[in-house]
Amino acid sequence: MTPLQLQGIGMTSQRTRDRLVSRLKEQGIKNQDVLEVMANTPRHLFIDEALSHKAYEDTALPIGYGQTISQPYIVAKMTELLLAGGPLDNVLEIGTGCGYQSLVLSQLVRRVYSVERIAPLQEKAKQRMQLLRVNNVRFQHSDGNWGWPDEGPFDAILSAAAPETIPMELLDQLKVGGRLLMPVGPDGKQMLTMLIREEDGVKKQVIEPVNFVPMLSGTQK
């Protein structure tokens, strides 16, 4: 892919991205580092070419296999909430998907460990990271409910899929002081939820209603 394609033209231009960032500000995103990353991240590379004209609209889009690339506002909001706890060295991402959230995180934290249950989606995400010369994201094809215990505990955990209840396996992989952010609940009744692990327990905060794909068990080749 040429530098021109990476930079984007027309509906993928910097001006179009800047309009997206203006909308994010209007929706309450304040972290300047997050806003800068959202402005500079080439979202059009993470969706099918036929949908590239919608790349910088604030909407979720299909990426195949019944999955979606998250709405930019949700990506920005979740990232901002994680960073509000302070600098992050190692972050666990549940649900690599197309790799867009992985790329956003990679520019703001030291290392990202990303788990995906659908192998072809993760393989495409790996290829995109290689194209963009991103070297601080590691991938594992696995059931997201299990997390990645060999690399924990983590400073933060972010999930792009919604369980009906928070898996204890994930909470056990969170450092004291760490934040776990994920949609929780059945389809149509999901709430973005943040858990902060403290020395003597867990502090829970419900953020806002969301709509994510459900967290499923097992893996898919």
Counting all C-alpha pairs of the chain, share separated by more than 30 Å (%): 16
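Return ILE196, ILE207, ILE157 ranked ascending by Cβ neighbour count within 10 Å, so the fewest neighbours appear first. Working shown, then result.
Details: ILE196 18, ILE207 14, ILE157 27.
Taking fewest neighbouring Cβ atoms as first place, the list is ILE207, ILE196, ILE157.
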May I ask you to sort TYR56, TYR73, TYR113 by Cβ crowding, counting other Cβ atoms within 10 Å and putting the fewest first? TYR73, TYR113, TYR56
Taking a label point 7 Å from the Cα of ASP150 along Cα-to-Cβ, the residues of segment 94-128 whose backbone nitrogen sits under 19 Å from it are 94-96, 111-119, 122-123, 126
Pull out a ≥ b ≥ c, the square roots of the eigenvalues of the alpha-carbon gyration tensor of segment 107-217, then state rounded if a/c is under 1.5, prolate if not and a/b is larger than b/c, and oblate in the remaining case. oblate
Compare PRO42, PRO62, PRO72 in a GNM of the chain, Cα atoms joined below 10 Å, and give the one with the largest fluctuation. PRO62
From the backbone phi of segment 172-180, what are the Karplus-calculated ³J(HN,Hα) couplings (6.51 cos²θ - 1.76 cosθ + 1.60, θ = phi - 60°) in whole Hz, Gly and Pro given as x? 5, 9, 9, 5, 4, x, x, 10, 10
Under 5 Å between amide H atoms, partner at least 5 residues away or on a different chain: which partners does SER142 have, H built in plane at 1.01 Å? GLU116, ARG117
Given the rule -39500 (n - 2.57) for each run of at least 4 DSSP H residues, summed and divided by the residues of the chain, what is its mean residue ellipticity at 222 nm, to the nearest 500 deg cm²/dmol? -8000 deg cm²/dmol
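By the gyration tensor of its Cα atoms, with a ≥ b ≥ c the square roots of the eigenvalues, what is the shape of segment 83-169: rounded for a/c under 1.5, prolate for a/b over b/c, or oblate?
Details: a/c = 1.77, a/b = 1.11, b/c = 1.59.
Verdict is oblate for segment 83-169.
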Which one, ILE118, SER70, LEU131, projects farthest toward the positive side of the charge dipole computed for segment 60-209 from Cβ point charges (K/R +1, D/E -1)? LEU131
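Can you give the FRET efficiency for LYS203 and GLN14, using 1/(1 + (r/R0)^6), R0 = 35 Å, r = Cβ-Cβ distance, to the nearest 0.05? Don't jump to the answer; show the numbers that get you there.
Numbers: r = 39 Å, r/R0 = 1.13.
My answer for the efficiency is 0.35.
Rg/Rh for segment 172-216: what does it come to with C-alpha atoms and Rh from Kirkwood?
We get a ratio of 1.03 for segment 172-216.
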Quote the relative contact order of segment 94-209 in percent (integer), defining contacts as alpha-carbon pairs under 8 Å separated by 6+ residues. 19
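Looking at segment 60-209, send over the antiparallel percent of its DSSP beta bridges, to the nearest 5. All intermediate terms of the calculation are to be shown ahead of the outcome.
Details: 17 of 35 bridges.
Here the share of antiparallel DSSP bridges comes out near 50 percent.
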Quick check: pseudo-label points 7 Å beyond the Cα along Cα→Cβ at GLU36 and ASP48, how many nm apart are they? 3.6
Once fully extended, how much extra length lies between ARG133 and ALA84, figured as 0.36 nm per residue of separation less the alpha-carbon to alpha-carbon distance? 14.9 nm
For ALA162, which sequence-distant residues (separation of 5 or more, or a different chain) have an amide H within less than 5 Å of its own amide H, given hydrogens modelled in the peptide plane? VAL213, MET215
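Just so you know, all these numbers are worked out from the coordinates, no wet-lab data involved. Given the structure is predicted, the values throughout are model-derived calculations rather than measurements. FYI the Cβ positions are ideal-geometry reconstructions off the backbone, even for glycines, and counts take in every protein chain you see.
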